[in-house]
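Quick note: the coordinates plus some simple rules give every number you see, no bench work behind them. Model, not experiment: these values are computed from the prediction. Here the Cβ positions follow ideal geometry from the backbone for every residue, glycine too, while neighbour counts run over all protein chains shown.
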Amino acid sequence: MRVALELEIPSDVCHIEHVVSEVTACCAGLALPPRALTLRVPVALTEALANAIRYGNRADVSKRVRVRAVVSDVALVLEVHDEGPGFDLGRCLRDCTVPAAREREDGRGLFLMQALMDRLEHSADGGSVVRMTMFRA
Amino acid sequence: MTFSMRKQGDVTIVDVDGQLIVGNRQELKQRVLDELDKGERKFLVDFEKTGYIDSSGLGVLVSLSKKIREQGGALRLANLNDDLRTLFELTKLDTLFDIADTRQRALESF
């Protein structure tokens, strides 16, 4: 089985909730791990979209963010593309649970993406691509 | 998503209906700060009708908690479902906030 959904939005955070709703609706009824559609996908996808809009495209509404969701027998893969220069995932990923970081307002997005999904990757493909994988079994 | 605010005794109760995410967290922050400026000091955020919270939403709660404490006040959270509680546990924010199972228990904890 292979279900695919592709969406494209301007770089404005007001579009995030709609995209998340579309993706979760597309996956409804599929056999996915517990909390996939109530917690893991909504939060991880919201984080990836927010980063793409705010940091990748610098909230420039003339720039686009593309989302691709593919469900196979093995996994759900979410890709978020922006037009930015990309980033070093290893350097940006911080442990927000240490006492010194706990009272900070920011710095939890990538941490949550990694914690909620089974695999988090970043690559450059004419822009920046964040790929999140959640295995179905 | 909507935020509704009301008073119960000297506690300002905020209900979060829908998501608390990057697109609306500033509205919540401003509304609570406005009440803080007016002299309110006890705040309860009730998540009974909340879907999910992202890192920006969590960050706003951290920021508000700090600002309220600096003014001698207190912030309590209530009615986190299992998904929301997981977010607080993953980020260890469950150690930073006073979280009650119910609104009533949160009110009694002030």
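Loop-located GluC sites (Glu not before Pro) in segment B:24-110 (DSSP state not H, G, I, E or B) with no more than 11 neighbouring Cβ atoms inside 10 Å do not occur. Convert each backbone phi in segment B:48-59 into a coupling constant with the Karplus relation 6.51 cos²θ - 1.76 cosθ + 1.60 (shift: θ = phi - 60°), then list the ³J(HN,Hα) values in order as whole Hz, x for Gly and Pro. Those phi angles translate into 4, 9, 8, x, 9, 10, 9, 5, 5, x, 4, x Hz. Model label sites at residue A:119 and residue B:74, defined 7 Å from Cα along the beta-carbon direction, differ in position by 4.8 nm.
For residue B:12, nonlocal amide neighbours, meaning residues 5 or more places apart or on other chains whose placed amide H falls under 5 Å from its own, are B:42, B:43, B:44. Residues whose amide H lies under 5 Å from that of residue A:75, counting only those 5 or more places away or on a different chain, are A:136; hydrogens are built 1.01 Å from N in the peptide plane. On the beta carbon distance between residue B:66 and residue A:72, with R0 = 41 Å, the FRET formula returns roughly 0.40.
How do A:13, A:70 line up, fewest other C-beta atoms within 10 Å first?
Details: A:13 19, A:70 15.
Ordered from fewest to most neighbouring Cβ atoms within 10 Å, A:13, A:70 come out as A:70, A:13.
For residue A:118, the residues 5 or more places off, or on other chains, whose built amide H falls under 5 Å of its own are A:133, A:134, A:135. Here each label is just a point 7 Å from Cα along the line to Cβ, and for residue B:102 and residue A:100 those points are 4.3 nm apart.
If the viscosity is 0.692 mPa s and the temperature 37 °C, what translational diffusion coefficient in µm²/s does Stokes-Einstein give for segment A:3-135 when Rh comes from Kirkwood over Cα pairs? All intermediate terms of the calculation are to be shown ahead of the outcome.
Values: Rh = 15.0 Å.
In µm²/s, the coefficient rounds to 219.
Of the residues B:90, B:64, B:77, the one that moves most in a GNM of chain B with alpha-carbon contacts below 10 Å is B:90.
Straight-line cross-link partners of residue B:49 among the aspartates and glutamates, defined as a Cα under 18 Å from its Cα and at least 8 positions apart when in the same chain: A:17, B:15, B:17, B:27, B:82, B:83, B:101.
Pairs from the list B:38/B:92; A:63/B:29; B:38/B:66 with a Cα-Cα gap above 20 Å: B:38/B:92; A:63/B:29.
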